[in-house]
Every structure is written in C-alpha cells, then in structure tokens.
1. Taking the chain as the reference, fit the longest principal axis to its C-alpha atoms, fit the long axis of helix 4-18 to the helix C-alpha atoms, and give the angle between the two in degrees, 0 to 90, nearest 10.
2. Label the chain by shape, choosing from rounded, prolate and oblate, from the square roots a ≥ b ≥ c of the eigenvalues of the Cα gyration tensor; if a/c is under 1.5 it is rounded, and otherwise prolate applies when a/b is larger than b/c, oblate when it is not.
3. So which cysteines in the chain don't have a second cysteine's C-beta under 4.7 Å from them?
4. For the stretch 189-196, what does the Karplus curve 6.51 cos²θ - 1.76 cosθ + 1.60, with θ = phi - 60°, yield as ³J(HN,Hα) per residue in whole Hz, taken in order and with x for Gly and Pro?
5. With the Cα gyration tensor of the stretch 111-186 giving a ≥ b ≥ c as the square roots of its eigenvalues, does the rule (a/c under 1.5 for rounded; else a/b larger than b/c for prolate; else oblate) give rounded, prolate or oblate?
6. Within the stretch 4-138, how many Lys pairs sit with Cα atoms under 17 Å apart, leaving out pairs fewer than 8 places apart on the same chain?
7. Rounded, prolate or oblate: which one fits the stretch 4-138, using the alpha carbon gyration tensor with axes a ≥ b ≥ c (rounded when a/c is under 1.5, else prolate when a/b beats b/c, else oblate)?
8. Go ahead and set up a Gaussian network model of the chain, Cα springs under 10 Å, then flag whichever of ILE278, ILE118, ILE205 fluctuates most.
Amino acid sequence: MPELPEVETVRRGLEPAMQNARFLKVEARRKNLRFPLPRNFVARLQGNSVTGLGRRAKYLLADLSSGDVLLMHLGMSGSFRLAKADQARAPGDFHHERSKDEKHDHVVFHMSSGWTVIFNDPRRFGFMKMVPRADLERDPLMRALGPEPLGNQFDAKMLAAACRGKTTSLKAALSDQKVIAGLGNIYVCEALHRARLSPKRQASILADKYGKPNAHAEALVSTIRDILQDAIAAGGSSLRDHRQTNGELGYFQHRFRVYDREGEDCPTPGCRGKIRRIVQTGRSTFYCPVCQR
C-alpha cells in the first residue's frame, strides 16, 4: 500500500490538473470501489471547483467550493493518471506504460483545466468519500490519526510522550497511525536503520523515566523527517503498483538501505553485519542485527 511519500507525490502531480479547476463532467463507471461511492456522487461534484488539494496521512483531500471534502484513498493498487489532448509526454528513466484496459478506469474527472483525471484500480481496494469540511476532523478515518511526521507537531517530545510506557516494539509503535500518521512498513524499517535502533526494542526506550525525550527520540525524529523528504524528492518507491501521475515510476527503492535486502551486507560504514528479515505484527521487518541496537 502506498505510504506518505507516494501519496504526497500523487498529490503534487494532481495539483496542476485539479487545483482551482471545476468538475465539468464526472463519470462513475461503477457503483462501488472498496465501499459504495457516496450517494449522489456525480451530482455533488459536477459544477463544483477544487479550492485546495491536500493530504492527511495516506489520504488525498480535495476541498470543494460546496463546502464538502472529497476524501480519496489509493488502497493497494489504485492510481491516478492525467490525460490532455495537446499534452506531449517525454518518458523518464523509469517510465512505465499505463494499462489501457478501461474496465479498471472506475472514476473519471473532466476538469475545466483541460485535464482528464482518471482513477484506475484493478483490485478495487481504494475508495472515495464525501465529508462536510466542518465534520472532517470528527470523521472516523481522521479523528484517530496522529501528527504528520513532516508537520510542526511532530518532535522528540511528542514521540517520547506517545511511546512512554509502551511495551510494544519500536517497529509496531512507529507503524501505528495513532502515533504517527502516514508512516508505514518501508519507511519505518529505513528510519530505524538510519537511527541505528533495533526494531525489536520496546518503544518505551524513547523516553526517560520522567517521560522526557532522550537521544534515541531525537535521532529517530530526525531520521524519519529526512527519509520522508528524500523519498518525496525521489518520487516515492515503486513497489508493486505505485506509479506517479505522469506514468513514471518513483525510484527511492534504489536507495533502500535495508528494506527487501535480506542477506546483503549492511551499508553502514564499518559494519560487517548482514541484513536480516523477521516478521513483526504480520509484516516483514528488515534490519541489521549488528549496528541496530
């Protein structure tokens, strides 16, 4: 499932097509994705403009002139692509041709910007939801989310407080959307390696006995911010189905230090360890048992 950097990459790709543009025509080619589409979905969108295009955790949020917010989630295989009659495309180094099978093009937005925005989802694990802006923070999908890891609220003090007394593993705590919003399996593994912390250690190690942040918490916050910013700059990671809106693959996976590198030499200078894979909470964890303590 796409994580924060992939969703942010998609948001930035959609912005020129959707920001300040009006929905001229909306096609809902099926009644449901993971969940049924909202009631009167087409009528509630057509004629309205997108006044802002944002992201919260792994959700895309389109503020509408009607006062509603169109909440969109990519799921496992969902992706957007843009089409414009007079727009030529130069393939990038990681260009991947999109599927032309229209049976997976489930929702199509014809925008006043001249762009057509197409949501394609072969597995139909993605979804779209309409929420009044005034109710957004109280929506079940939003209200339990922790702070954004690239936002001002996320710091060592906040992380230490959230992990104080937790007996769960660092890996599980950092993957908990109530602790940090948008952080997932890939970037948790990578951040823990950069911070040289074992994913098996208890989350409580980030706080001292008074609940204040220690050097571990400071290092982890810094590495989480760095890893996400690097991944966004690289266009995300092209694992399985992730594509950017222009059809190109992200390429941060070429910079992975540990993720999916079981048995390889640890890249930490001077470390002679080998990357190991274990399973935590049903997900693969990759780490170096030598330099991650």
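1. 20
2. Working: a/c = 2.39, a/b = 1.62, b/c = 1.48.
In terms of gyration-tensor shape, prolate.
3. Unpaired cysteines in the chain: CYS163, CYS189.
4. Per-residue couplings from phi come out as 4, 5, 5, 5, 5, 4, 7, 6 Hz.
5. Working: a/c = 2.38, a/b = 1.90, b/c = 1.25.
It comes out prolate by the Cα gyration axes.
6. Numbers: LYS25/LYS84; LYS31/LYS103; LYS31/LYS129; LYS58/LYS129; LYS84/LYS100.
Lysine pairs meeting both conditions in the stretch 4-138 amount to 5.
7. On the way: a/c = 1.40, a/b = 1.30, b/c = 1.08.
Taking the square roots of the gyration eigenvalues as a ≥ b ≥ c, the stretch 4-138 is rounded.
8. Looking only at ILE278, ILE118, ILE205, the biggest GNM fluctuation is shown by ILE278.
Every read-out reported here was derived from the displayed coordinates using simple, explicitly stated rules and does not represent laboratory data. Small disclaimer: the values here were computed from a predicted structure and weren't measured. Every residue, glycine among them, receives a Cβ derived from its backbone with ideal geometry; neighbour counts consider all protein chains shown.
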